[in-house]
Amino acid sequence: MRRLLATVGTLGVVGYGGAIGYLKVSEIDLVYHPAERAVSAPAPAWGLNHRSVTYPSADGTKLNAWVIRADSANDNGYWMLVCHGNYGNIGYGERPEFYAYATATGLNLLAFDYRGFGESAGVPEERGLYADAEASYRYLVDSLGVRPERVILFGHSLGSGVATELATRVPAAGLVIEGGYTSVPDRGAELYPWLPVRAIASQRFASIDKVAALTLPKVYLHSPSDDIIPFQHGEQVFAAAAHPKRFVSVKGGHMLAFREDRATYFGAIRALVDSLRAASVDRP
């Protein structure tokens with residue numbers, strides 16, 4: 001019996017160690033899902049005034065992006081730098097629909113693909129994504145001539161951590177976060193509670209540790225029915241964030257709040273832009 005128990009114990013330890021090893025080896029594949037690399041043009045029905053551009057990240061990695069302009073009669077002069085989630089590229093799924101609704105508010109957009117996504121070169125990893133977001137910001141400011149006080153940083157899902165980090169590095173008018181998490185290890189520990197995720201994770205995106213130092217205006221959008229990033233993550237990040245800030249509960253889950261609760265979702269973004277415009281008028 002003792003020998004049997006020892007064997008079972010040994011097998012348990014080996015199995016647990018194997019699970020840890022698999023998680024460590026597979027971490028990049030678990031965090032990033034580029035899927036189809038070819039970027040499809042947006043459907044004509046969305047009427048996007050877009051063009052594809054390329055520029056280098058800090059290490060020379062080629063990045064691909066779409067410059068999407070609002071209708072000239074509706075252009076409010078602000079630009080939103082879009083940091084998308086961990087699946088697919090800038091043309092994936094309902095993203096063109098999101099761009100159409102966003103430009104309808106008068107915003108111009110720069111939507112870029114991280115390294116290893118879409119037609120951007122390289123392999124995704126945390127520090128590289130931060131560099132790619134900063135390079136995209138520099139393209140907006142240096143190549144397109146957009147003033148920093150006209151740039152709103154936007155991050156959805158995985159992109160929430162990218163946009164939050166970018167806000168610690170560059171001046172911007174505001175920050176909009178949808179479906180944000182406290183950190184990737186925190187979410188991983190919820191999904192794999194029997195494994196020491198926090199101890200072994202190399203991809204961290206720890207927004208919860210950064211938001212207290214961000215003094216730019218911030219809007220946090222989150223759906224109580226989000227089954228990918230639980231609502232409490234958004235609440236915790238918001239609670240840790242410095243003022244000024246606003247939390248907006250939206251319907252539609254993790255992916256479709258911009259469609260299913262369009263008035264609330266884009267109403268919050270319009271309100272942010274209106275407040276920025278009012279502040280710029282009042283500024284001497």
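Once the Cβ-Cβ distance of Ala199 and Ala73 is raised to the sixth power relative to R0 = 45 Å, the FRET efficiency obtained is 0.25. Spin-label pair Ile228-Lys62: with each label point 7 Å from Cα along the Cα-Cβ axis, the two points sit 2.8 nm from one another. Largest GNM mean-square fluctuation across Tyr192, Tyr265, Tyr130, computed for the chain with C-alpha springs under 10 Å, falls on Tyr192.
Placing unit charges on each Cβ (+1 for Lys and Arg, -1 for Asp and Glu) gives the stretch 32-282 a dipole about its Cα centre, and among Tyr55, Ser207, Gly122 the Cα reaching farthest toward its positive end belongs to Tyr55. Ranking Tyr101, Cys83, Ile68 by how far each Cα lies toward the positive end of the dipole of the stretch 64-118 (charges on Cβ) leaves Cys83 at the top.
May I ask you to list the residues of the stretch 135-165 whose amide nitrogen lies under 20 Å from a point 7 Å from Cα along the Cα→beta-carbon direction of Arg51? Residues 136-147 fall inside that zone.
Top mean-square fluctuation among Val184, Val219, Val170, Gaussian network model of the chain, C-alpha springs under 10 Å? Comparing Val184, Val219, Val170 in a Gaussian network model of the chain, the most mobile one is Val170. Find out how many positive minus negative residues lie around Asn49, taking Lys and Arg as positive, Asp and Glu as negative, among other residues whose Cβ is under 11 Å from that of Asn49. Here the count lands on 0. At full extension, Ala212 and Ser249 could sit 11.2 nm farther apart than now, given 0.36 nm per residue minus the alpha carbon distance. Axis angle, to the nearest 10 degrees, between helix 231-240 and the longest C-alpha principal axis of the chain: 70 degrees. Counting only aspartates and glutamates at least 8 places from Lys210 when in the same chain, those with an alpha carbon closer than 14 Å to its own are Glu165. Taking the longest Cα principal axis of the chain as reference, the axis of helix 2-25 is set at about 20 degrees. Taking 14 Å as the straight-line reach from the Cα of Lys62, the aspartates and glutamates in range (excluding those fewer than 8 positions away in the same chain) are Asp113, Glu119, Asp132, Glu134. Modelled label positions at Ser40 and Glu149, each set 7 Å beyond Cα in the direction of Cβ, lie 4.2 nm from each other.
Note on the chain: antiparallel DSSP beta bridges, both residues inside, total approximately 35 percent of the bridges counted.
A short reminder: the numbers here are calculations on the coordinates, not readings from a lab. A quick note: this is a predicted structure, and the numbers were derived from the prediction, not measured. Note: ideal-geometry Cβ built from the backbone for every residue, glycine included; neighbour counts use all protein chains shown.
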